[in-house]
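For reference, the structure discussed in these notes is given below.
The values are calculated or read from the model by the stated rules, or taken from the named source; none is laboratory data. Note that the structure is predicted; figures quoted are calculated from it, not measured. Methodologically, a virtual Cβ is constructed for each residue, glycine included, from the backbone with ideal geometry; neighbour enumeration extends over all protein chains shown. Note: accessible area is taken over every heavy atom of the protein model, side chains too, but ligands, DNA and RNA are not part of it. Shrake-Rupley method; radii C 1.70, N 1.55, O 1.52, S 1.80 Å.
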Amino acid sequence: MANQLAAVLGTGQTHYVAKRHDVSMAGLVREAIDRAMEDARVGWDDIDAVVIGKAPDLFEGSMMPELAMSDALGANGKPLLRVHTAGSVGGSTAVVASSLVKAGVHKLVLTVAWEKQSESNAMWALSTPIPFNMPVGAGAGGYFAPHVRSYIRRSGAPEHIGAMVAVKDRLNGSLNPYAHLKQPDITLESVQASQMLWDPIRYDETCPSSDGACAMVIGNEEAAERETAEGREVAWIHATAMRTEPTTFSGRDQVNPQAGRDAAAALWKAAGIKDPLDEIDVAEIYVPFSWFEPMWLENLGFVSEGEGWKLTEAGETAIGGRLPLNASGGVLSSNPIGASGMIRFAESAMQVMHRAGDHQVQDARKALGHAYGGGSQYFSMWVVGSDRPDNQ
């Protein structure tokens, strides 16, 4: 039996800030859920199941918080499923939620991802010697900086590329009412003058630590067609893909991971896309450190290896360019880790539903949402479109 069609009917987000002292985790997720359900025009009786995601529990110091949150999540008496794939979890959660609808298991699924980093510390959590895992010792930035240096060496990219990405994404973030960091006055010079944290990653080229939540309502074909019949747009899910590889193995390429290449190839094939650079109108990709923009452009197959930085330098990844990337401001502007991937998926849906407000990309019809996690080892992605998919 072929997959059934599924679509995003509504999205909801909190405002992302460093510390939300005014709400508990339950209150935080409920803000995003209420906004998503209002956007999708559904009530609790319409929701068949709830799929949630968040990053490692040490990031906020509460083991399995969902055990105490079923009421706030609207999951009492309904299936509640948690997904966990490190930093890519928001994306993976959306993929799992959509698969339940595509498989015909449920008609309407509420999916939500969150992080309340202010209640613990991700840097500390990543450095703790957890049994059977090697501690990173320097947080995510210390882990990824050598990969960035390898990319620069291999591609011959000039040193200002990272600063260019930071300027673009923070300017985009200043257009987004939910973004944590808003820097409308940021310049290439101000980024290059900021403190070096992990060579070559500077302070203004790195993501913040945010509290926040993101939610979506995903419905089946019948629910989507009810919306379109009333003149409202939905984001049809054209294809999804997930792939994984180990953190460390001999010969592993952490600049251009195999799992990312394989996931992208599977995604484009499933979506019937032959030339992603030509056919994708807007993309939300997971860029926690600015240099990951050109790296992931290559990993995703938009351009060949060593060419990603050239697309960035030419201004083609800015709003109005050939492939606008992270019109929302991206992870560089807001980073509630467990939700960061879902924000990419929700923002891609908002673009093709033409509900992105001041950061809307004109005439966006087909969009990519992307997330990665762990040591660049978990990848999740989807293609959503304004038009009903004709490849299924």
Computed FRET value (nearest 0.05) for Glu233 with Met196, which takes r as the C-beta separation and R₀ as 41 Å: 0.40
Which distance in nm do the two modelled labels at Asp275 and Tyr203 give, with both placed 7 Å along the Cα-to-Cβ direction? 4.4 nm
On the accessible surface of region 70-202, probed at 1.4 Å, how many percent belong to carbon and sulfur atoms? 59 percent
Whenever you get a sec, compute what percent of the accessible area on region 251-330 sits on carbon and sulfur atoms (1.4 Å probe). 45 percent
Is it possible to state the helix-based mean residue ellipticity at 222 nm for the chain, with each DSSP H run of 4+ residues giving -39500 (n - 2.57), the sum divided by total residues, to the nearest 500 deg cm²/dmol? What is it? -10000 deg cm²/dmol
Mean separation of Cα pairs under 8 Å and 6+ residues apart, divided by the residue count of region 277-392: what relative contact order is that in percent? 30 percent
Positive-end extreme of charge dipole, the chain - chosen from Leu325, Val105, Ala140 (charges on Cβ): Ala140
Quote the charge dipole size of region 17-164 about the Cα centre in Debye, to the nearest 20; the model charges only the Cβ of Lys and Arg (+1) and of Asp and Glu (-1). 600 debye
The chain, Gaussian network, Cα under 10 Å: of Gly87, Gly341, Gly321, the residue fluctuating most is Gly321
Whole-number D in µm² s⁻¹ for the chain, Kirkwood Cα-pair radius fed into Stokes-Einstein, 37 °C, 0.692 mPa s: 160 µm²/s
Accessible area per residue for the chain in Å², computed with a 1.4 Å probe and the full protein assembly in place, what is it? 38 Å²
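Rounded to the nearest 20 debye, what is the charge dipole size of the chain about its Cα centre when +1 sits on each Lys and Arg Cβ and -1 on each Asp and Glu Cβ?
On the way: 32 positive and 47 negative charges, 126 e Å.
Charge dipole, the chain, about its Cα centre: 600 debye, nearest 20.
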Can you give the relative contact order of the chain as a percent, counting alpha carbon pairs under 8 Å and 6+ residues apart? 26 percent
Descending packing, highest mean Cβ count within 10 Å first, for 20-33, 247-260, 346-359, 373-386 is 373-386, 346-359, 20-33, 247-260
